[in-house]
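Notes to accompany the following structure.
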Amino acid sequence: MFTVQKTHDEWESYHDIDRYGKLTLSNIEFTTTHLCNMRCSHCAVGYTLLTKELPAIPTEEIIRKLDEVETLRTMSFTGGEPLMTKKGIKDNLLPLLKYAKGRGIKTQINSNLTLPMSHYELIAPYLDVMHISHNWCDEKEFVETGFAMMDKQPSIEYRGNLYRNIFDNARELSKGGMFVSAETMLNRNTVPHMEKIHNEVANEMLCKRHEIHPMYASDFAENLEVISLDEYRKVVNEILDYRNKDIWVLFGTLPFYPCSQDERDLALIKRINSEHNITIRNDVDGRSRMNLNIFTGDISVTDFSDDGSAFGNIKNESLPQIYERWLDSNISKSINCHCPAVKCLGANVIVKNMYYPDKTFISGSVK
């Protein structure tokens, strides 16, 4: 029987189930800056952004805490814009990237990719994945939406140059051998333009992967309209029809599950699983990953957790201790679903709240 070969996803939470038989802390996401040169209306951390950087915890202290996590296999860096300043790169990012390289840990940086190439050249030797957002239907929308929450906006010419930088930087980094992965969030604004966006990601930016995620109605994006499950199912099928088969398409936090009673959901999952170069990711947030704020030491489930509360702080606890307390929390238990027959871990907390607020996911229901 022919089996479709799937690309290996380092950030897939189920790898921990396969290796340890349970959810395990294997990924740390770092909030490494509160600075950003943009103020996007769909930003999930917009209200936390500042105009002056705070002093960070010494890197040696953070590394001592990371040494206690024997299962650590991936690290992600977010902000703000992690590559905003060269000082921030040299002081906060590079020591952690070099540490990861030395331990054989895979790394990813979330960047808007609008900055001068010299910023990216500093981290290129140590980085595995450059993760960018591409939710723009055209330059006009970028100019208007990408700075919508900014009190004093730069000139239109300047903003237009930043938009073109995204394409130029992505092409140059991709041609240089970097793995560039572009993420698009499905919402009422992006859905009508998905074919154009996918074509840009694959053929103009030359990205190796296009990630498709639901829009999280959080922070600045709390008033943006979420699409329905019927609309979501339709657009995913359309993407499968027109996608460039040379680029890896990853459906992150796909809100359809093998335990569904809707035959349309099951047909979609079967279609995805039967195609080359397409994967579904069991979400890492709250499963195998915690977010570490390098300025406060606070640990939270994600960098955009709804209530903003921390589960602990590395100044007085170890990362494994905080992680175990999260697993024992009522929120964690409410989404801790596992069906080994299909290697599915169910919905994360945000998708469950958006699409399945009254549904109980039952482990082992898929035989």
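With θ taken as phi - 60° and the Karplus curve 6.51 cos²θ - 1.76 cosθ + 1.60 applied, the whole-hertz 3J(HN,Hα) list for segment 172-182 is 5, 5, 5, 5, x, x, 6, 7, 9, 10, 9 Hz, x standing for glycine and proline.
Taking only the Cα atoms of segment 217-367, the ratio Rg/Rh comes out at 1.00, with Rh defined as the Kirkwood radius.
Of all the options Ser228, Ser329, Ser155, the one that moves most in a Gaussian network model of the chain with Cα springs shorter than 10 angstrom is Ser155.
Once Lys and Arg get +1 and Asp and Glu get -1 on their Cβ, which of Met185, Thr107, Ile239 lies farthest toward the positive end of the dipole of the chain? Working it through, the farthest residue towards the positive pole turns out to be Thr107. Between amide H atoms placed 1.01 Å from N, distances below 5 Å from Ser133 occur with Ser111, Glu183, all of them 5 or more places distant or on a separate chain. Under the criterion of Cα pairs below 8 Å and six or more residues apart, the relative contact order for the chain equals 20 percent. The alpha-carbon atoms of segment 71-137 define a convex hull whose volume equals 90 cubic angstrom per residue. Using a Förster distance of 41 angstrom, determine the FRET efficiency expected from the C-beta separation of Asp358 and Glu204, and round it to 0.05. The pair Asp358/Glu204 has a calculated efficiency of 0.45.
The amide H of Thr107, built 1.01 Å from its N in the peptide plane, has Met75, Asp128, Val129 as neighbours under 5 Å, considering only residues 5 or more places off or on other chains.
For segment 118-134, 3J(HN,Hα) computed residue by residue from phi via the Karplus equation (6.51, -1.76, 1.60; θ = phi - 60°) reads 4, 5, 6, 5, 5, 9, 3, x, 10, 9, 9, 9, 9, 9, 10, 9, 9 Hz, glycine and proline entered as x.
In debye, nearest 20, what is the charge dipole magnitude of the chain about its Cα centre with +1 on Lys and Arg Cβ and -1 on Asp and Glu Cβ, if you could check? Numbers along the way, then the final one.
Details: 42 positive and 51 negative charges, 156 e Å.
With Lys and Arg at +1 and Asp and Glu at -1, about 760 debye.
Give me the percent of accessible area attributable to carbon and sulfur for the chain, probe 1.4 angstrom.
Working: 8260 of 16210 Å².
Answer for the chain is 51 percent, counting heavy atoms of protein chains only.
Only bridges with both residues in segment 224-329 count here: give the DSSP antiparallel percent, nearest 5. Beta bridges within segment 224-329, antiparallel portion: roughly 45 percent.
Were the residues from Lys234 through Lys140 laid out at 0.36 nm apart, the gain over their Cα-Cα distance would be 31.2 nm. Using 28 Å as the Cα-Cα cut-off, could you pick out the over-long pairs in Lys140/Lys270; Lys90/Lys333; Lys234/Lys359; Lys52/Lys352; Lys196/Lys367; Lys98/Lys352? Over 28 Å apart, Cα to Cα: Lys140/Lys270; Lys90/Lys333; Lys52/Lys352; Lys196/Lys367; Lys98/Lys352. Only beta bridges with both residues in the chain are counted; by DSSP, about 10 percent of them are antiparallel. Phi angles of segment 12-26 translate, via the Karplus equation with coefficients 6.51, -1.76, 1.60 and θ = phi - 60°, into HN-Hα couplings of 6, 5, 5, 4, 6, 4, 4, 8, 10, x, 6, 5, 9, 6, 10 Hz per residue; Gly and Pro are given as x.
Given the chain, report the % of alpha carbon pairs whose separation exceeds 36 Å. Could the numbers behind the result be given before it?
On the way: 11692 of 67161 pairs.
In whole percent, the long-distance tail amounts to 17.
Between the amide H of Arg188 and those of Glu225, Ile227, distances stay under 5 Å, these residues lying 5 or more places away or on another chain, with hydrogens modeled in the peptide plane.
Basic side chains Lys and Arg get +1 at the Cβ, acidic Asp and Glu get -1 at the Cβ, and with that the dipole of segment 118-245 about its Cα centre reaches some 360 debye. Its alpha carbons considered, segment 287-367 gives a radius of gyration followed by a Dmax of 14.2, 46 Å. Taking max minus min of the alpha-carbon positions on each principal axis, segment 54-198 gives extents of 46, 33, 29 Å, largest first.
What accessible area per residue comes out for segment 81-219, rounded to a whole number of Å², with a 1.4 Å probe?
Numbers: 5610 Å² over 139 residues.
Heavy-atom SASA per residue in segment 81-219 reads 40 Å².
Work out, step by step, the length gained on full extension between Asn336 and Glu324: first 0.36 nm times the residue separation, then minus their alpha carbon distance; give nm to one decimal. Extra length available between Asn336 and Glu324 comes to 3.0 nm.
When the alpha carbon gyration tensor of segment 159-273 is reduced to an equivalent ellipsoid, its three semi-axes come out at 27, 18, 11 angstrom, largest first. Under the simplified labelling scheme, the Asn273-Tyr242 pair shows an inter-label distance of 2.8 nm, with each label point 7 Å from Cα along Cα→Cβ.
The values are calculated or read from the model by the stated rules, or taken from the named source; none is laboratory data. None of these values were measured; they are calculated from a predicted model. Cβ coordinates were reconstructed from backbone atoms using ideal geometry, including for glycine residues, and neighbour counts include every protein chain displayed. To get the accessible areas, we keep the full protein, side chains included, count just its heavy atoms, and leave off ligands, DNA and RNA. Shrake-Rupley method; radii C 1.70, N 1.55, O 1.52, S 1.80 Å.
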